[in-house]
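The values are calculated or read from the model by the stated rules, or taken from the named source; none is laboratory data. From a predicted model like this one, the values you see are computed outputs, not experimental measurements. A quick note on method: Cβ atoms are made from the backbone with ideal geometry, for glycine too, and the neighbour counts reach across all protein chains shown.
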Amino acid sequence: MDAAFIAGAARAGTSGQSGEVINPANGEVVQTYEYAGPAEVDGAVGAARNAFKEWSSAAPVERSEVLRKLADRMQARTEEYVAAETQQTGKPLRLSREFDVPGSIDNAAFFAGAARNLEGKAAAEWDGAHTSIIRREPIGVVGSIAPWNYPLQMAMWKMLPAAAAGNTIVLKPAEITPITTLMLAEDCIAAGMPAGVVNVVAGAGPVAGEALMSHPDVNMVSFTGSTAVGKRVMELATADVKRVHLELGGKAPFVVFDDADLEAAVQGAAAGALINTGQDCTAATRAYVQRPLYEAFVEQVSDLFAQIVIGDPLDESTDIGPLISRRQQERVAGFVERARQDGAKVRAGGQIPGGALASGAYYPATVITDAAQSSEIVQSEVFGPVLVVLPFDSDDEGLALANDTPYGLAASAWSKDVFRTLRAQREIQAGCVWINDHIPIVSEMPHGGYKQSGFGKDMSTYSFEEYTQVKHVSMDITAEAKKGWHRTIFSEK
């Protein structure tokens with residue numbers, strides 16, 4: 001497999017470091033390839049720089065038409081994308097087919113329309129002597145790094161608004177899940193996108209990623225991943241004062257007030273915590289349940305978690321598949337074991353499965369109670385199918401606990417009382433607050449975080465704020481050589 005797609009053509013990597021794409025469901029090697037390195041990054045950035053003038057000056061309708069054709073082409077290849085995404089990530093087919101791939105196609109269709117609605121404005125003569133115009137212009141070459149949990153969707157979230165706004169892109173997928181991103185680059189060309197507008201370099205983060213983030217010809221960096229790596233991205237960007245967009249970790253609270261619909265909250269907690277085997281930065285990870293409902297919630301959610309079918313992603317009856325890798329499996333198991341040692345109780349799951357599942361990186365749906373608010377399992381991102389449930393008494397306490405982590409990406413609040421939910425959506429510090437649901441996203445609405453979950457927005461027309469720069473043009477309308485304000489510089493002559 002080639003590691004890069006540069007200026008419209010596939011290229012082999014030359015980093016000297018080889019890697020594998022492994023199917024986490026069975027440990028089988030899907031692809032072996034030599035990673036892209038600094039040479040490929042430099043070539044990709046050069047191709048993007050060369051393509052920028054043509055693409056940025058194209059009429060919005062031209063960019064729109066390319067993205068519309070891209071959506072159509074991806075729609076025709078849906079099953080190919082589904083198969084590839086499931087194979088490289090271990091996602092159940094149902095998730096790939098009903099969420100990842102159609103969501104990505106919908107994003108392309110949305111930005112095909114949004115490309116024709118890049119708003120600037122013509123203003124009145126504010127001082128009576130000049131007419132002001134606001135232009136919204138592309139930034140230039142965008143270096144983007146996408147994660148392994150949603151390889152196709154995250155690539156689309158980064159590429160689409162940037163390209164729709166007239167930027168050119170060098171995208172680095174996670175080296176363990178590059179297949180659908182490389183497919184996407186091919187489809188961009190097939191849809192009529194000029195060579196060099198979208199380039200892909202699949203390589204190791206410390207090598208290809210850092211080369212991309214620090215490249216002097218990259219004007220903006222966009223990163224989705226852990227908060228720790230996000231801080232490193234900001235360091236690298238400061239050297240050239242690059243614009244930065246970060247979507248980082250999360251530890252989403254799930255606040256259940258005592259008047260909530262218990263059945264709905266239990267169902268929502270399971271779905272919100274276990275989507276993508278919990279490898280989702282917006283997943284419900286901390287359920288705070290008001291005391292009158294606490295015991296019933298713990299019992300019912302533990303029973304529901306115990307019924308979750310874990311198994312082969314290709315089996316349509318599978319609810320959750322494997323984690324992305326053995327390393328991630330060990331990481332999640334370590335979190336749970338340390339929580340046990342600290343006195344927490346495991347109410348469901350909590351053990352690496354054996355038998356037929358021993359060949360894959362599986363971990364069961366797990367419920368934990370009796371953990372301290374300050375404990376690692378409550379404060380740190382596990383990124384696995386683990387839900388911690390804690391009680392609270394007053395509304396004040398519940399909302400304070402919800403905000404008591406460094407993260408602020410997403411949250412939900414559950415109540416039949418409109419005033420309680422209005423208070424929750426005001427006071428919870430998160431970029432998205434769902435009311436009586438958890439997880440749904442749509443292309444028309446923005447996604448991004450508060451606090452150490454990063455800044456900037458993906459999706460929606462709000463994402464154009466990240467990928468464009470505003471220019472004020474001021475035009476004299478008097479035709480007078482001597483302006484009134486000139487008196488501040490020299491006396492009347």
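Scanning the range 14-54 for residues that are of a type outside the set (A, V, I, L, M) and either part of a helix (DSSP H, G or I) or not assigned by TED's automatic domain parsing to the domain that holds Leu171 (or both) turns up Pro38, Glu40, Asp42, Gly43, Gly46, Arg49, Asn50, Phe52, Lys53, Glu54. Would you confirm whether any residue within the range 172-183 is of a type outside the set (Lys, Arg) and part of a strand (DSSP E or B)? There is no residue in the range 172-183 that is of a type outside the set (Lys, Arg) and part of a strand (DSSP E or B). On the stretch given as the range 74-111, residues that are touching a helix residue (DSSP H, G or I) at 6+ places or on another chain (Cβ under 8 Å), surrounded by fewer than 21 Cβ atoms within 10 Å (Cβ to Cβ) and among the basic types (Lys, Arg) total 2.
For first residues located in the range 321-349 and in the same structural domain as Phe297 (by TED's automatic domain parsing) and surrounded by 13 or more Cβ atoms within 10 Å (Cβ to Cβ), partners that are assigned to a loop (DSSP other than H, G, I, E, B) and among the charged types (D, E, K, R) and lie 6+ apart or on another chain with Cβ distances below 8 Å form the pairs Gly321/Lys91; Gly321/Asp312; Ala344/Asp370; Lys345/Asp370.
When we screen Gly349, Gly343 for residues that are of a type in the set (Gly, Ala, Ser) and touching a Ser or Thr at 6+ places or on another chain (Cβ under 7 Å), the only hit is Gly349. Hey, does the range 473-485 have a residue that's polar (S, T, N, Q), out of contact with any strand residue (DSSP E or B) (no Cβ under 6 Å at 6 or more places or on another chain), assigned to a helix (DSSP H, G or I) and more than 16 Å from Thr285 (Cα to Cα)? No: zero hits. Only a single item in (1) over 29 Å from Ile105 (Cβ atoms); (2) in contact (Cβ under 8 Å) with a residue 60 or more places away in the chain; (3) in contact with a helix residue (DSSP H, G or I) (Cβ under 9 Å, 6 or more places away or on another chain) is not met by Ser443, and it is number (1).
Looking only at the range 85-134, count how many residues are part of a loop (DSSP other than H, G, I, E, B), under 20 Å from Gly360 (Cβ atoms) and among the charged types (D, E, K, R). The qualifying residues number 1.
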